[in-house]
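The values are calculated or read from the model by the stated rules, or taken from the named source; none is laboratory data. Remember, it's a predicted structure, so these values are computed and weren't measured experimentally. Glycine gets a Cβ as well: all are built from the backbone with ideal geometry, and neighbour counts include every protein chain shown. These accessible areas exclude ligands, DNA and RNA; they are computed on the full protein's heavy atoms, side chains included. Shrake-Rupley method; radii C 1.70, N 1.55, O 1.52, S 1.80 Å.
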Amino acid sequence: MRISWKLTVLFATAMTTGVALGRATTPAPSDKPERPLASMPYTPSLDPAAMDKSVDPCVDFYAYSCGGWIKENPIPPDQAHWSVYGKLADENVRFLWGALEEAAQPKPGRLPVEQQIGDYFAACMDEAAVEKAGAAPLRAELDTIAKMRSLTELPAFLGKEHLAMHGSGMLFGFGSTQDAADSNSVIAEAGAGGLGLPDRDYYVKTDKKSVEVRDKYLAHVAEMLALSGEPAATAKKHAQKILAFETTLAKASLTRVERRNPYNLYHKVDRAKLQAMTPSFKWDAYLTATGSPSLSTFNVDQQAFLAAVEKQLTAVDLDTWKAYLRWHLVSDRAPYLSKAFVDADFAFYSKYLRGLVAQRPRWKRCVHMVDRDLGEALGQVFVKKTFGADVKQRTVAMTAGVERAMESEIRALPWMGAKTKEQALGKLHTIVNKVGYPDKWRDYSSVKIARDDFAGDVARAGIFESRRELDKVGKPLDRGEWGMTPPTVNAYYNPQMNDINFPAGVLQPPLFDAKLDDAPNFGNTGATIGHELTHGFDDEGRQFDAKGNLRDWWTKEDGAQFEKRAACVSDQYAQYVIVDDIKINSKLTLGEDVADLGGTWLAYLAWKAATHGQKLQAIGGFSPEQRFFVGMAQWACENERPEDLRVNAVTNPHSPGKYRINGVVANMPEFAKAFACRAGQPMVRATPCKIW
Ligand SMILES: [Zn+2]
């Protein structure tokens with residue numbers, strides 16, 4: 001049911017459907033059993049061993065900074081992608097594994113929070129019970145679908161079903177959102193969804209690879225339907241019809257680039273209007289089933305999509321509808337069912353689409369699921385054991401420094417007029433910084449967790465979260481809420497909240513490193529802070545004002561000046577090849593590319609201001625400026641499978657790590673000076689792009 005947060009994150013999470021299990025892990029040494037980490041290991045945020053000094057930094061700075069890391073860190077078999085961030089996330093997971101094993105001991109005296117996360121984890125780890133249950137957890141819903149006599153029963157079924165679901169794969173997504181025109185007001189939202197492939201493009205592209213993906217998808221859908229009890233021949237026929245059904249929805253869905261324009265996603269309607277959009281779908285029945293019968297105001301993010309849903313309701317026969325519902329039910333639940341379901345789900349979404357060789361061990365999947373479903377309970381344990389007050393204080397101070405740098409930049413911008421500057425400064429001063437963890441923890445005490453009912457636990461946690469979302473409608477907005485859990489190794493900006501968020505998980509070595517000096521810390525964490533900050537002013541974020549309302553506060557001339565400068569970045573990144581002959585879709589990655597460039601520049605300024613008057617020394621043969629840039633580059637070291645690169649080329653708004661570094665430094669004369677690069681070298685662009 002959850003509609004994806006409209007957040008601008010530092011990274012896109014890797015999984016697209018079914019298993020939303022994050023991005024971490026590491027290879028299992030085959031000769032000894034894996035064990036939890038007792039404490040977090042230390043890797044410095046600037047690591048000379050991760051470099052390849054045989055490369056000329058002015059030719060390929062990413063290879064120079066990350067060459068050693070790339071060589072020493074092959075992609076583990078259960079990963080699509082391996083990176084400094086992914087490795088740290090894996091360490092967090094290994095550390096949390098130990099905490100969960102301890103909490104899972106049914107000892108008297110466990111705190112209520114420990115009991116919940118411990119029992120959930122124990123139920124998830126009880127593979128024998130999950131195996132024994134087989135497809136039984138699906139039985140009641142499969143029966144309901146089988147007994148449907150007409151599509152008039154669909155709204156009530158979907159309303160109930162959506163509550164327990166973790167994605168928006170079944171026809172559409174439904175939840176709540178801040179009103180784009182009035183950020184203090186929370187309204188309901190019906191969002192486009194309904195697809196089984198990672199993006200609408202997969203249904204419409206005609207190249208050889210896309211045709212192959214659709215063939216494999218057909219086989220996968222048929223296999224899952226067969227697992228749900230259909231005879232193989234029927235399942236095959238149904239798969240064809242499901243693909244045609246989803247293709248109609250896909251064609252009516254906006255592209256990812258179109259979705260970057262927030263005006264394309266804002267259509268506020270009252271209940272009568274919503275009903276008029278889909279005469280064949282009774283919203284009264286749907287809303288009653290969700291437990292929110294009196295909702296009155298809705299955002300329909302994509303009107304053409306709802307029109308396509310209406311068309312399907314009148315044009316497609318009941319048998320196809322039932323097959324479609326069955327497929328999405330089985331696909332959504334597969335990760336929580338017996339091995340046959342888990343394996344089939346893995347084979348298509350992870351092995352074929354992303355190139356994984358092996359499945360993640362069960363403990364790892366279970367830790368991820370606790371983090372997803374009870375994340376602020378698990379997060380309390382994480383914060384207590386890893387996040388000290390000193391780190392919070394230093395990163396809060398660093399954030400203030402980067403904000404001061406942005407303020408002086410805005411004041412000095414030659415291309416922005418006084419009127420827009422005043423508004424921009426107002427927005428900058430209003431941004432709320434959230435560091436580490438929420439002030440108030442989410443209370444999960446109403447979620448019933450049973451040690452012997454894993455599928456039930458997942459469903460009840462899903463219902464809790466969906467209800468929590470819907471219950472926000474009409475109430476005062478909770479500005480303290482977080483969209484990421486504390487152990488998450490990521491960060492985000494939310495344009496409607498106008499806040500930047502840095503979970504405790506991203507403020508540890510080798511990212512923020514309390515043992516090292518300012519140069520690599522500003523290069524790494526400082527640039528991340530700057531990155532999130534500038535999202536408030538990128539092609540998407542600049543359309544929201546200081547209050548988080550969608551409102552154009554730019555003068556026409558200044559807006560055009562911004563577009564011109566952004567186009568410089570877009571043209572630059574459009575030249576970079578991701579894999580095969582696929583180049584970066586730089587209209588999709590524009591906001592992130594602009595944030596990487598602006599964020600690094602602001603961090604550089606903030607570092608200079610923070611160390612003003614200090615006599616900085618060279619360390620290990622590197623000047624302070626060189627250490628700033630190498631520290632910056634080393635957050636992005638990564639290896640990625642070609643399959644994963646292909647999916648990301650379509651779905652990921654971030655450029656590959658190599659270009660997130662080389663694309664930035666090539667635009668910075670300060671970099672060229674630090675490494676004595678000459679004009680004409682690859683890391684020195686003749687006409688650098690600069691926005692902030
Ligand atoms: Zn970002």
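What the table shows:
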read-out	value
Hits in the stretch 627-641 - residues which are open to solvent by less than 10 Å² (accessible area, probe 1.4 Å), outside any helix (DSSP H, G or I) and within 16 Å of the ligand (Cβ to nearest atom)	636
Output for the stretch 102-129, where each listed residue is in a loop (DSSP other than H, G, I, E, B) and among the polar types (S, T, N, Q)	105
Options 249, 225, 243: the member that is assigned to a helix (DSSP H, G or I), in contact with a strand residue (DSSP E or B) (Cβ under 9 Å, 6 or more places away or on another chain), open to solvent by less than 40 Å² (accessible area, probe 1.4 Å) and under 22 Å from residue 313 (Cα atoms)	249
Within the stretch 295-308, tally of residues that are under 20 Å from residue 187 (Cβ atoms) and either surrounded by 20 or more Cβ atoms within 10 Å (Cβ to Cβ) or of a type in the set (A, V, I, L, M) (or both)	8
Long-range neighbours under 6 Å by Cβ, at least six apart or interchain, first residue farther than 30 Å from residue 91 by Cβ within the stretch 462-487, second open to solvent by less than 30 Å² (accessible area, probe 1.4 Å) and in a loop (DSSP other than H, G, I, E, B)	466/1; 470/292
Some residue of the stretch 427-441 being closer than 17 Å to residue 115 by Cβ and in contact (Cβ under 8 Å) with a residue 40 or more places away in the chain	yes
Of all residues making up the stretch 144-185, the number that are of a type in the set (Gly, Ala, Ser) and surrounded by fewer than 19 Cβ atoms within 10 Å (Cβ to Cβ)	5
Some residue of the stretch 378-388 being open to solvent by less than 10 Å² (accessible area, probe 1.4 Å) and among the hydrophobic types (A, V, I, L, M, F, W, C)	yes
Any hit, the stretch 548-561, residues being surrounded by 24 or more Cβ atoms within 10 Å (Cβ to Cβ) and either touching a residue at least 12 places away in the same chain (Cβ under 8 Å) or more than 16 Å from the ligand (Cβ to nearest atom) (or both)	yes
Residue count, the stretch 130-143 (criterion: assigned to a helix (DSSP H, G or I) and surrounded by fewer than 17 Cβ atoms within 10 Å (Cβ to Cβ))	6
Unmet requirement for residue 592, which otherwise passes all of (1) at pLDDT 95 or above; (2) closer than 17 Å to residue 500 by Cα; (3) touching a helix residue (DSSP H, G or I) at 6+ places or on another chain (Cβ under 7 Å); (4) within 16 Å of the ligand (Cβ to nearest atom)	(3)
Total residues in the stretch 658-673, condition over 11 Å from residue 688 (Cα atoms) and either of a type in the set (D, E, K, R) or under 29 Å from the mean Cα position of the chain (by Cα) (or both)	7
When residues of the stretch 564-585 are limited to those that are more than 15 Å from the ligand (Cβ to nearest atom) and small (Gly, Ala, Ser), the one farthest from residue 652 (Cα to Cα)	567
Some residue of the stretch 340-356 being acidic (Asp, Glu), surrounded by fewer than 23 Cβ atoms within 10 Å (Cβ to Cβ) and closer than 26 Å to residue 99 by Cα	no
Some residue of the stretch 598-605 being touching a residue at least 40 places away in the same chain (Cβ under 8 Å) and more than 19 Å from residue 492 (Cα to Cα)	yes
Within the stretch 642-660, considering residues that are of a type in the set (D, E, K, R) and out of contact with any strand residue (DSSP E or B) (no Cβ under 7 Å at 6 or more places or on another chain), the one nearest to the ligand (Cβ to nearest atom)	660
Filtered residues of the stretch 413-439 (kept if open to solvent by 60 Å² or more (accessible area, probe 1.4 Å) and over 21 Å from residue 399 (Cβ atoms))	414, 418, 419, 422, 423
